[in-house]
Amino acid sequence: MSNLSKEWAHSSLRGMMLIREFEETADKLSLRGKIPGGIHNSSGQEAVAVGVLSALDPLDVIATTHRSHHHTLAKGFSAREVMAELFTKSTGVSRGRGGSMHLGDFHRGHFGGNGIVGAGVGIAMGAALGIQQRGDAKVSVGFVGDGGVNTGRTWEAINMAVIWKLPLIVIIDNNQYAVETFVDRVTGGGDIAKRGEGFGLPSYTINGQDVVEVNEYTAKARQRALAGEGPTIINALTYRYYGHNVGEKGQYRTQDEILDWKTNRDPIDLFIARATSEGLITDSEVAALRDDVKKEVEDAVDFAEKSPQPDLNSILVDVDSGLLGGK
Amino acid sequence: MTTSTQNQNPTYSEAFQSGVREEIYRNRDIFILGTDLIERGGHFAQVKGIAQEFGFQHVKDSPISEAAMVSAGLGAAMYGLHPIIDLNFIDFSLGAMDEIINQAAKIRFMFGQPVPLVIRATSGTALGGAHHCNSLESLFAHTAGLAVAVPSNAWDVKGLIKTALRSPDPVIFLMHKKLSGVRGEIGDENTLIPFGKARTVKEGKHAAIITYGFTVVTAQKAAVALASEGIDVEIIDLRTLYPLDTDAINSAVQRFGRVVVADEAPMFGSITAEIAATATEANFGSLKGPIVRIGSVRAPISANPGMSEAAIPSVDAMIAAVKKVVAY
Ligand SMILES: Cc1ncc(C[n+]2csc(CCOP(=O)(O)OP(=O)(O)O)c2C)c(N)n1
Ligand SMILES: [Mg+2]
């Protein structure tokens, strides 16, 4: 008997598969010059995104990083609107202005990807303050990378969340590299979660390849936040399969290392194995899901290709509200 | 020893390597601190091979901690070293603004001591969107105590970084990302380019374009098109925005009376406004008409290539500006 529901298993697996299919496709399109400025591929990190977002309410807030396709899709944004944004088309979720790094829609609780490393946690902390001021039953989640945790702004924000007991969850999407820099080379004190202890908030290092574990820890952190007990840090260990940016082929990690993660710790394979053995899903259902996400991504690419470019006359629109003289 | 293949001139990025190498040979107090410098050689290969050649003492890989990176350089400079803090994109300097504008820029005035610090970053509009395309040079030029270098070609990169590495004052060294791979000749180890000396890219008869950085390329294209219509325009590349070569600017205004000042930073409150205002004050009688400025619109840069191109001066806009002053 499994303690997971069939419905949750199916939707989580589909969510991870969608991200994988989306990223593999976007990578190829990017290499073909279809995506201006390239992408930061999140293949390999699906369980962090789906584990976290499946533990949240749709109206909870997230603020994220330069690598955020997976968080955005897991939040329920359609492959169409995300792909169109990567193409910088007017139908994209940020009207084509943002591109890969700046996906967002406040009305759906997505306070944006970010081109500035470490900026997301501060914004999420501010949203958590807003939630607290209003007395809303919501939480706010800030994503940051293993590299981003070395920005001072991240810890200034965490300190505020602690002293004011803000409903904040900090997710360290720890893929162990910041561009070409291995986490241990730049992280004083070793385990990043230990830093959290110093700031006086519960901090856990968990297996970010296990979607169930990520979900459970996030759910616990959410309960704590809703109960007014304050923030939590979850340091989810994961791995990115591709280079930092599209086309990057560095010598900073071995092929063996990459292969080991892909074959022994792939979040999708691991979950399929578990769900199958617990009788939650059949092989043919898995195949059907694969087919389904493939179609969704194909449709998204088609949509993005056919979508119009933004109106070039719109460059002055929304520079300000209009009260400052803008359009 | 550049990494360029034989018979080829070095790139803009390799010119930086070359200048830094030669200066480290002269002065072992120089070191470079930034992210992904040792193996990757920096995001634009601007320091590739330097760690391997000189040792890790001279190239330090840093955590992503811009405020602390600039502080590290500042404190070490006050201690007598000559650091290059590589901020990768100038956009990321915004997380270290106190360290740059309140601290580094003011130390000399407050304590009478040198601050031999170079802050290097790529700058300007390319792909990458609002957080990777800022042109902040006006902000730094506005700040007393800072020098601002804005090279437009390999020769100037090398000559200016060598000067920066002998400067007792903090230097903001801005390299345009769209120029990274552009090849050109470079000077030898004794070729230093003084700060505050503009370069005449091309002499002309009818009008002058005063510019810097990537906009020099735009001006060159415009000049070719204008020549086919019988308009011979001079192009002046400022090379540093502070110190500013006011002699070259005044001379152009006096000789032509028809001047365009151009860059790709937002025009409102920019260095082009400073140049136009001071040149007008000093040379009002020589002007045939107002100095025309072109620059970027007052808006962040979009990730969409069409929108980002539309935000900055096009060759057509440059041609139109020159025709306007020629028509006075
Ligand atoms: C303030 C700032 N500094 C530097 C950069 C350049 N940069 C972009 S992503 C990145 C690495 C980030 O690593 P990490 O936080 O681990 O995230 P990951 O890319 O692994 O998802 C760097 C250095 C930036 N965008 N912003
Ligand atoms: Mg990382």
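The values are calculated or read from the model by the stated rules, or taken from the named source; none is laboratory data. Just so you know, these numbers come straight off a predicted model, no measurement behind them. Please note: Cβ atoms are built from the backbone with ideal geometry, for glycine as well, and neighbour counts cover all protein chains shown. Each accessible area value is taken on the protein alone, full model and side chains, heavy atoms only, with ligands, DNA and RNA left out. Shrake-Rupley method; radii C 1.70, N 1.55, O 1.52, S 1.80 Å.
A few notes on this one:
- Beta bridges assigned by DSSP with both partners in chain B are antiparallel in approximately 15 percent of cases.
- GluC sites (Glu not before Pro), loop per DSSP, at most 13 other Cβ atoms within 10 Å - longest free stretch of chain B: B:1-184
- Straight-line reach from A:Lys138: taking Cα to Cα under 30 Å and skipping same-chain neighbours fewer than 8 places apart, the lysines in range are A:Lys6, A:Lys75, A:Lys165, A:Lys194, A:Lys220.
- Cβ neighbours within 10 Å from other chains - mean over B:305-312: 5
- Given a 1.4 Å probe and the protein chains as shown, A:Arg153 ends up with an accessible area of around 80 Å².
- Set of aspartates and glutamates near A:Lys327 by C-alpha distance (under 12 Å), chain-local residues within fewer than 8 positions excluded: A:Asp318
- Beyond 19 Å in Cα-Cα separation lie the following of the pairs B:Lys106/B:Lys162; B:Lys221/B:Lys324; B:Lys162/B:Lys197; B:Lys288/B:Lys324; B:Lys178/B:Lys221: B:Lys106/B:Lys162.
- B:Phe44 contributes an accessible area of around 40 Å² to the protein surface, as traced by a 1.4 Å probe with all chains present.
- Under 5 Å between amide hydrogens, built in the peptide plane, is the criterion, and for B:Phe31 it picks out B:His82, B:Ile84 among residues at least 5 positions away or on other chains.
- Solvent-accessible surface of protein heavy atoms, probed at 1.4 angstrom with all chains present, puts A:Lys89, A:Lys294, A:Lys249, B:Lys205 in the order A:Lys249, B:Lys205, A:Lys294, A:Lys89, largest first.
- Magnitude of the charge dipole, chain B, Cβ model with Lys/Arg +1 and Asp/Glu -1, debye to 20: 480 debye
- Angle between chain B longest axis and helix B:154-164 axis [Cα atoms, degrees, rounded to 10]: 60 degrees
- Accessible surface of region A:81-150 [probe 1.4 Å, protein heavy atoms]: carbon and sulfur percent: 54 percent
- Relative contact order computed over chain B (Cα-Cα under 8 Å; 6+ residues apart), in percent: 16 percent
- 20 Å tail of the calculated P(r), region B:144-243, as % of Cα pairs: 40 percent
- Value of [θ]222 nm, deg cm²/dmol, for chain A, DSSP H segments ≥ 4, -39500 (n - 2.57) each, nearest 500: -14500 deg cm²/dmol
- Exposure rank, largest accessible area first [A:Trp8, A:Trp164; 1.4 Å]: A:Trp164, A:Trp8
- Dipole-positive endmost among B:Phe44, A:Ala304, B:Ile294 within the protein assembly as shown (Cβ charges, Cα centre): B:Ile294
- Neighbours of A:Pro167, meaning other residues whose beta-carbon lies under 15 angstrom from its beta-carbon, give a summed charge of +2 when Lys and Arg score +1 and Asp and Glu score -1.
- Solvent-accessible area buried by pairing A with B, both sides, nearest 100 square angstrom, 1.4 angstrom probe: 2400 Å²
- Global form of region A:48-125, assessed from the alpha-carbon gyration tensor, a/c cut-off 1.5: oblate
- Positive-pole candidate from B:Ser251, B:Gln8, A:Thr205, dipole of the protein assembly as shown, charges at beta carbon: B:Ser251
- In the full protein context, region B:199-326 carries 40 Å² of accessible surface per residue, based on a 1.4 Å probe and ignoring ligands, DNA and RNA.
- In terms of its alpha-carbon gyration tensor, region B:199-326 comes out oblate; a/c meets the 1.5 threshold, while b/c is at least as large as a/b.
- Centroid-to-centroid separation of region A:61-98 and region B:1-73 [C-alpha atoms, Å]: 36 Å
- Counting only other chain Cβ atoms within 10 Å of each residue's Cβ, the peptide A:92-102 averages 5.
- Cross-link reach list, lysines versus A:Lys34, counting only Cα pairs under 18 Å and skipping chain neighbours closer than eight places: A:Lys89, A:Lys306
- The listed residues A:Tyr177, A:Tyr242, B:Tyr242, once ranked by accessible area (1.4 Å probe) with the largest placed first, stand as B:Tyr242, A:Tyr242, A:Tyr177.
- Relative contact order %, region B:12-179, counting alpha carbon pairs below 8 Å whose residues are six or more apart: 24 percent
- DSSP-defined antiparallel bridges as percent of all bridges, the protein assembly as shown, nearest 5: 15 percent
- Only Lys, Arg, Asp and Glu carry charge here, each on its Cβ (+1 for the first two, -1 for the last two); on that basis chain A has a dipole of about 700 debye about its Cα centre.
- Overall form of the protein assembly as shown: prolate. Here a/c, set by the Cα gyration tensor axes a ≥ b ≥ c, is 1.5 or more, and a/b is the larger of a/b and b/c.
- Tilt relative to chain B, helix B:315-326 - C-alpha long axis, 0 to 90 degrees, to 10: 50 degrees
- Distances between placed amide hydrogens fall under 5 Å for B:Arg293 paired with B:Val261, all partners being 5 or more residues away or on another chain.
- Accessible surface of A:Asp266 - all protein chains present, 1.4 Å probe, nearest 10 Å²: 10 Å²
- Assuming charge only on the beta carbon of Lys and Arg (+1) and of Asp and Glu (-1), the dipole of the protein assembly as shown about its Cα centre is about 1340 debye to the nearest 20.
- Given charges at Cβ of Lys, Arg, Asp, Glu: region A:19-128 dipole, positive-most of A:Ile62, A:Ser94, A:Ala119: A:Ser94
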